[in-house]
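The block underneath contains the structure these notes are about, expressed in structure tokens.
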Amino acid sequence: MIKLIAIDLDGTLLNDEKEITDKTEAVLKEAKRRGVKVVLCTGRPLLGIARYLDQLGLRADGDYGITYNGGLVQKTDTGDVLSEKVLTKEDLVSLYGLSQRLNVPMNFIDLERVYTPAPPEGRPSLYGDIMKALPFVETTIDDLPEDIKINKALFCTDQPILDEAIRHIPDAFFDKYTMMKSRPILLEILNKEVDKGKGLQALGVSLGIKREEMMALGDQENDLAMIHFAGLGVAMGNAIDEVKKAAQFITKTNLEDGVAYAVEKFVLNASTG
């Protein structure tokens with residue numbers, strides 16, 4: 001029996017207009033009414049998913065969100081933190097040096113703001129086109145306090161430039177950090193102990209919900225860990241091939257209410273039949 005549904009946002013819960021359809025909203029509200037935990041799992045901060053939490057009625061005591069790709073597990077009503085894994089200033093020094101060698105811009109984020117150190121000449125970050133929930137502040141690495149806690153760093157630039165840069169990242173960085181693309185133009189860099197699967201695991205331990213009682217739905221590389229972790233991994237019809245190969249079920253696309261289709265099949269109908 002599914003007790004928790006973990007859902008990615010872009011390309012999964014949201015259609016191409018970044019909206020939750022009436023059909024999907026109704027299905028997820030019905031799942032919650034029946035006592036199933038509905039958990040949004042995203043690379044965004046909590047503020048970046050506020051309107052979707054409000055739309056789905058996921059702001060009550062007992063509602064949770066997995067943000068920063070699993071780096072933060074929070075109560076959505078208070079923001080209280082259940083689990084947090086961060087990057088240090090030492091990490092930022094190393095990663096910023098890497099970004100300069102690769103000739104790509106870097107941003108990094110805490111709970112309140114997006115930091116923008118100087119990009120390579122002619123290579124401004126595209127992250128402002130994506131992140132609208134947090135303010136951007138210019139900074140230098142040297143100006144950062146020694147005890148700063150950063151939830152994630154990222155490289156955001158045109159896809160051909162980013163893909164070429166990724167091919168030149170030394171293996172040592174992949175060994176030290178979790179690195180994954182969440183969009184064609186966005187590489188996210190997190191503490192090695194961070195991915196959506198580990199975030200889901202931490203929440204399950206807190207709630208006493210086993211992985212066999214979880215369903216996870218996603219479409220991109222950063223969803224793979226939770227697709228693997230959950231007892232039932234569901235790939236969207238529009239998912240990349242790696243996610244489809246990892247999943248136990250492929251649902252309809254995000255333009256065809258694929259989330260609603262899977263939840264009805266495995267949660268609502270299963271619980272009544």
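The values are calculated or read from the model by the stated rules, or taken from the named source; none is laboratory data. Predicted model only: the values in this text are computed from it and were never measured. Every residue, glycine among them, receives a Cβ derived from its backbone with ideal geometry; neighbour counts consider all protein chains shown.
Please verify whether the range 233-254 includes one or more residues that are on the phi > 0 side of the Ramachandran plot and of a type in the set (D, E, K, R). Outline the logic, then answer.
Step one: of the range 233-254, the residues on the phi > 0 side of the Ramachandran plot are none.
For the range 233-254, residues on the phi > 0 side of the Ramachandran plot and of a type in the set (D, E, K, R): absent.
Of everything in the range 70-93, what is closer than 16 Å to GLU188 by Cβ and more than 16 Å from the chain's Cα centre (by Cα)? Give them in sequence order.
Scanning the range 70-93 gives LEU87, ASP91, LEU92.
Looking at ILE209, ILE227, ILE169 in this structure, which one is modelled with pLDDT of 95 or more and over 30 Å from LYS252 (Cα atoms)?
Numbers: ILE209 fails: over 30 Å from LYS252 (Cα atoms); ILE227 fails: over 30 Å from LYS252 (Cα atoms).
Exactly one of ILE209, ILE227, ILE169 is modelled with pLDDT of 95 or more and over 30 Å from LYS252 (Cα atoms), namely ILE169.
Rundown of residues vs (1) under 14 Å from ILE7 (Cα atoms); (2) among the hydroxyl-bearing types (Ser, Thr, Tyr); (3) in contact with a strand residue (DSSP E or B) (Cβ under 6 Å, 6 or more places away or on another chain), yes/no style:
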| residue | (1), (2), (3) |
| --- | --- |
| ILE169 | no, no, no |
| LEU190 | no, no, yes |
| VAL194 | no, no, yes |
| GLY218 | yes, no, no |
| ALA230 | yes, no, yes |
| VAL234 | yes, no, yes |
| ILE240 | no, no, no |
| LYS244 | no, no, yes |
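Being in contact with a Lys or Arg (Cβ under 9 Å, 6 or more places away or on another chain) and basic (Lys, Arg) is the filter here, so list the residues in the range 150-183 that pass it.
Residue satisfying the conditions is LYS176 alone.
Yes or no: LEU95 crowded, with 19+ Cβ neighbours inside 10 Å, at negative phi and not hydroxyl-bearing (Ser, Thr, Tyr)?
Yes; evaluated as a whole, the condition is true for this residue.
Tell me which helices (runs of 4 or more DSSP H) are completely within the range 13-114 and hold 2 or more residues being touching a Lys or Arg at 6+ places or on another chain (Cβ under 9 Å), or say none if there are none. Give the steps one after another, and end with the answer.
Numbers: elements: 22-33, 50-56, 89-102.
Of the helices (runs of 4 or more DSSP H) lying wholly inside the range 13-114, those with at least 2 residues that are touching a Lys or Arg at 6+ places or on another chain (Cβ under 9 Å) span 50-56, 89-102.
Table: residues versus (1) in a helix (DSSP H, G or I); (2) of a type in the set (D, E, K, R); (3) touching a residue at least 60 places away in the same chain (Cβ under 8 Å); (4) surrounded by 19 or more Cβ atoms within 10 Å (Cβ to Cβ).
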site: LEU154; (1), (2), (3), (4): no, no, no, yes
site: GLU188; (1), (2), (3), (4): no, yes, yes, yes
site: GLU193; (1), (2), (3), (4): no, yes, yes, no
site: GLN201; (1), (2), (3), (4): yes, no, no, yes
site: GLU242; (1), (2), (3), (4): yes, yes, no, no
site: VAL263; (1), (2), (3), (4): yes, no, yes, yes
site: ASN269; (1), (2), (3), (4): yes, no, no, no
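Picking from ALA165, ALA133, ALA118, which residue would you name as being part of a helix (DSSP H, G or I) and not charged (D, E, K, R)?
Working: ALA133 fails: part of a helix (DSSP H, G or I); ALA118 fails: part of a helix (DSSP H, G or I).
That would be ALA165, the only listed residue that is part of a helix (DSSP H, G or I) and not charged (D, E, K, R).
Yes or no: the range 215-235 includes at least one residue that is within 25 Å of LEU126 (Cβ to Cβ), surrounded by fewer than 21 Cβ atoms within 10 Å (Cβ to Cβ) and under 12 Å from the mean Cα position of the chain (by Cα).
Within the range 215-235, one or more residues are within 25 Å of LEU126 (Cβ to Cβ), surrounded by fewer than 21 Cβ atoms within 10 Å (Cβ to Cβ) and under 12 Å from the mean Cα position of the chain (by Cα).
Identify, from the list LEU111, LEU102, the residue that is in the same structural domain as ILE166 (by TED's automatic domain parsing), touching a His at 6+ places or on another chain (Cβ under 9 Å) and either under 25 Å from HIS228 (Cα atoms) or not hydroxyl-bearing (Ser, Thr, Tyr) (or both).
Numbers: LEU111 fails: touching a His at 6+ places or on another chain (Cβ under 9 Å).
Result: LEU102 is the single residue among LEU111, LEU102 that is in the same structural domain as ILE166 (by TED's automatic domain parsing), touching a His at 6+ places or on another chain (Cβ under 9 Å) and either under 25 Å from HIS228 (Cα atoms) or not hydroxyl-bearing (Ser, Thr, Tyr) (or both).
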